[in-house]
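The values are calculated or read from the model by the stated rules, or taken from the named source; none is laboratory data. Since the model is a prediction, treat every value here as computed from it, not as a measurement. Counting neighbours? That spans all protein chains shown, and the Cβs are built from the backbone with ideal geometry, glycine included.
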């Protein structure tokens, strides 16, 4: 088996939930090229992470570490980072405890690394979204072969691209140089910020062929739709949009006007698809973003919040009266 530090690639699983962990580990065991080291960082889970990992001892170049305290409940980004600190390899792939990689992913990455003379700081796979039973639910739009961090951000804001942390393999040196991921609550959009930062100096390189199967299920944070989690995601999205504005101001000032249009497009799209009433603090933050970032007059965000809340109130009335909403929202 490989020894830590002797292979080019570290695959890192910050583990907590075990519902799909066995399937994730099996996909790694099925890799046609095992020139990697696997690290499992158990976030003090109450579930039997160690028991499942032991099933793969001898089948994988594997190191398991159980942390004494749960960190992911407070900061997913900090949990990711402490798992990365278990590694010493020059390339790092933060995977997950519920996703699946095609059997040729490692081989495809190593071949692309050689073909490009490791001239990129970030490599990525295209993805397929799967459901709880591993059935295909969506084939994501293909990434360009080469793309700048700025172009990636604009594509994400306009809704033309999906992206996940689990599809990314990054240079340890570059990751350390840019300071890792911003510590957004729930880790929401932190991976998008990381892509932008790592794609600033050198283009992001897409690996053709093999794909990552990203799971959208009942245990997935993206699919969590409680009122509290949705409210947090909205407010974190506002923080991310401010971060995007600052990114363009600092690194691409000539494209700031273009970025502002994309930021407003993203904000209005999120509000149009929001199903919870906006409270006063959130409306205040929307208004501040509109003034500080988008250049609108004060009150713009309050008006947008009022429009959303009025729409939701009307929908509740229509549902109670059993009147089809489509008549009012064509």
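Take the residues of the stretch 192-211 that are under 14 Å from residue 122 (Cα atoms) and in contact with a strand residue (DSSP E or B) (Cβ under 7 Å, 6 or more places away or on another chain): which is surrounded by the most Cβ atoms within 10 Å (Cβ to Cβ)?
Out of the qualifying residues, it is 204.
Of all residues in the stretch 150-170, which are crowded, with 20+ Cβ neighbours inside 10 Å and either out of contact with any helix residue (DSSP H, G or I) (no Cβ under 8 Å at 6 or more places or on another chain) or not assigned by TED's automatic domain parsing to the domain that holds residue 126 (or both)?
Scanning the stretch 150-170 gives 166, 167.
What is the one condition in (1) surrounded by 21 or more Cβ atoms within 10 Å (Cβ to Cβ); (2) on the phi > 0 side of the Ramachandran plot that residue 121 does not satisfy?
(2)
Looking at the stretch 134-141, can you tell me whether even one residue there is closer than 18 Å to residue 205 by Cβ and in contact with a helix residue (DSSP H, G or I) (Cβ under 6 Å, 6 or more places away or on another chain)?
Scanning the stretch 134-141, I find no residue that is closer than 18 Å to residue 205 by Cβ and in contact with a helix residue (DSSP H, G or I) (Cβ under 6 Å, 6 or more places away or on another chain), so the answer is no.
Working only within the stretch 285-305, note down all residues that are assigned to a helix (DSSP H, G or I) and touching a residue at least 12 places away in the same chain (Cβ under 8 Å).
285, 286, 287, 288, 289, 290, 292, 300, 301, 302, 304, 305
Would you confirm, using the coordinates I've provided, whether residue 177 is without any contact (Cβ under 8 Å) to a residue 12 or more places away in the chain, over 16 Å from residue 245 (Cα atoms) and either touching a helix residue (DSSP H, G or I) at 6+ places or on another chain (Cβ under 9 Å) or in the same structural domain as residue 113 (by TED's automatic domain parsing) (or both)?
When the stated conditions are applied, residue 177 passes them.
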